[in-house]
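Accompanying notes for the structure given below.
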Amino acid sequence: MNFRFSIFDFRFLPLRRARRRGFLLASLLLVRVVSSAGLAATFTAALDRDTIAVGESATLSLRFEGGIPADVPAVPSVPGLSIASIGQSSQFNFVNGQSSSIVAYNFLVRPAQPGEYTIPAISVVVDGQTLASQPRKLKVVKTGEATPESEIVGKNAFLKLVPAKNEIYLGEVLPVEIRLYARQGRWKQHPQLAQEGFTIGNMIQQPVTKTLIDNQYYSMLVYKTFVIPARTGQLTLGPVSMLLAVPRPNARVNLFGEIVDWMDANLAAGPLTIEVRPLPSNDAPPDFNGAVGNYVLNATVSTNAVTVGDPITLTVQIAGHGPIESLSLPALDKWRDFKIYPPITRVETTDQFGLEGRKTFEQVVIPENAEVKELPPITFSFFDPEKKNYRTVTRPATPLVVRPGSIAPAPPTIVATAAQNPNEAKTVTDIVHIKPRAGPLALIRPPLIQQTWFVALQGVPLLAWLLASAWRRREDKLANNPRLRRQREVAQTVREGLAELRRLADANRPEEFFAAVFRLLQDQLGERLDLPAPAITEAVLEERLGPRGVAAETLAALQGLFQTCNQGRYAPRQSSQELASLVPKVEAALRQLQRLKLDEHIS
């Protein structure tokens, strides 16, 4: 039976409390006990990256297996390099009754200018024995030049471009999968596929699954899509690229075990060659118009008994698998004795890619004479890439009964009548003469333009437009400015968190109280420094805020709060009054952080 446990990343922070110092001494003592039962001590020095750019950093790890040095190893100074300790990590293994220990002292190496540097051999004394490491070379290039990170990234993540097949016909749908395999990582954008010569469809993200490759478990994220070739010959599909954040080798973790050191990596999968064959031309049906796939045809008519000039609605449905949207009916120009109108189309798909479903054509035709006896047959031809031949589906002719149109009425006959006596009185049913003058006019009501409510009503659309424009500008501003959006979210979190602190203080719940204080400090400092909140520790105060000219009083107040949180979380013995007295200090520190203008100081 195998047993294994690890302790990660004990950071050397200023003003360390006695309790943590004692815990570290106990850990070192355990290392000595384990090492005494293991093999002889070994010492190696390694750089996580041997090529970096100016402005980047590498991690130098001094690893001791089977023993530990009497003192923290000292790294010789190298002109042009800044080397600073960032803590240590320890690992103890018990495998099949044998024990081993690994202690690593980690140093951050930062270059000042391009060049090639050598970190000399380091000598240390372990259990009375002098051990020495090999010199390590570091190449520093100018900012913006490429660095060979493919080996580092390849151990954590890689991409694959997987088409369903490599030989297709012109116009055929080719399903494609883009697979991301990652042991650790966070994808920052969807994959980008180069598809010159192809038409690409919807890209659908699938659920994340687990897979085993070379005895290593990977998380697999699959994007499914399809492409349709637009020309024949050997076409290149790809490459495909994707931006991913992966942990650096020997990455540090914070107090909550979360990884702190990440780096952006551009993953890529090479292009593939797809052979696109032309459609056969020797046996193509006369009405073939380029459809590729597998389809069925159905057609109905609104009526089969009409009068000359009455419309008939012909509804044709083509259903199946393929590029449904691009289907079209053959022209009905051979339908004599019919007046043909352009069809109305409607597409209904049943899958995410738009490749399964049906397209409906509503065609209006009008018979022009009574000699029409039927609607001609309807045919639709397509090329089936699975069977590699042309197929034609037919809807047979539909019998029609066309009646002649109604006979127009004869014009009326005018019969002469006897002359009318001019002295005879006219009947009262005669037509009233038009008045030559309008006479006096009366105003029924004032015009609308003179009424106040009508004038005010005209301003409502303008006011609504102004409000909508202001709201849209605000949303665009937030969408295009993630820093501002995060600042507002953190401000809301701080307001709610302060109210939560008062509630926890009244309830005398110190553990939850100090955990909430620590999270609020992380959120506010992370927003000010543009860092992830989990990456904020006490060391950030001196590393980031100190060199930026932040007032010493503010630094001291923040350090005091971090130390109070650490003491309170590991020794929660404060009373409700003591907790309540800390709330104003936390609120004052957070307000000071919100007023700091750090953007102009942070590169």
- Task: Mind listing whichever residues of region 44-58 are more than 31 Å from the chain's Cα centre (by Cα) and part of a loop (DSSP other than H, G, I, E, B)?
- Result: ASP50
- With the checklist (1) open to solvent by less than 70 Å² (accessible area, probe 1.4 Å); (2) out of contact with any helix residue (DSSP H, G or I) (no Cβ under 6 Å at 6 or more places or on another chain) in hand, flag the one item GLU368 doesn't pass. (1)
- Task: Kindly indicate whether any position in region 232-239 is of a type in the set (A, V, I, L, M, F, W, C), in a strand (DSSP E or B), open to solvent by 70 Å² or more (accessible area, probe 1.4 Å) and over 30 Å from VAL316 (Cα atoms).
- Result: no
- Considering residues that are touching a Leu at 6+ places or on another chain (Cβ under 9 Å) and not basic (Lys, Arg), the number found within region 197-245 is 32
- Item | Options VAL292, VAL253, VAL276: the member that is aliphatic (A, V, I, L, M) and under 29 Å from SER57 (Cα atoms) | VAL253
- Query: Filtering region 90-118 down to residues that are closer than 23 Å to LEU131 by Cβ and modelled with pLDDT under 80, which residue is surrounded by the fewest Cβ atoms within 10 Å (Cβ to Cβ)?
  - Reply: GLN98
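Here's the yes/no breakdown for (1) part of a helix (DSSP H, G or I); (2) more than 17 Å from ALA533 (Cβ to Cβ); (3) touching a Lys or Arg at 6+ places or on another chain (Cβ under 6 Å):
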position: TRP453; (1), (2), (3): yes, yes, no
position: LEU462; (1), (2), (3): yes, yes, no
position: ALA470; (1), (2), (3): yes, yes, no
position: LEU478; (1), (2), (3): yes, yes, yes
position: ARG488; (1), (2), (3): yes, no, no
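Which one is farthest from PHE288 (Cα to Cα) among residues in region 392-411 that are open to solvent by 100 Å² or more (accessible area, probe 1.4 Å) and at pLDDT below 50?
Ranking the qualifying residues of region 392-411, first place goes to PRO411.
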- Considering only strands (runs of 3 or more DSSP E) wholly within region 169-218, the ones with at least 2 residues that are buried (at least 18 other Cβ atoms within 10 Å of the Cβ) are 174-182
- Item | Residues located in region 344-363, provided they are modelled with pLDDT under 90 and either surrounded by 15 or more Cβ atoms within 10 Å (Cβ to Cβ) or closer than 16 Å to ILE378 by Cβ (or both) | PHE353, GLY354, GLN363
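Determine which member of the set THR537, THR493 is touching a Lys or Arg at 6+ places or on another chain (Cβ under 9 Å), free of Cβ contacts under 8 Å to residues at least 40 places away in the same chain and either of a type outside the set (A, V, I, L, M) or buried (at least 16 other Cβ atoms within 10 Å of the Cβ) (or both).
On inspection, the qualifying residue turns out to be THR493.
The values are calculated or read from the model by the stated rules, or taken from the named source; none is laboratory data. Only a predicted model underlies this, so the values are computations on that prediction, with no experimental measurement involved. Here Cβ is always computed from backbone atoms with ideal geometry, including for glycine, and neighbour counts include all displayed protein chains. Ligands, DNA and RNA are stripped out before the accessible areas are found, and what is left, the full protein with its side chains, is counted by its heavy atoms. Shrake-Rupley method; radii C 1.70, N 1.55, O 1.52, S 1.80 Å.
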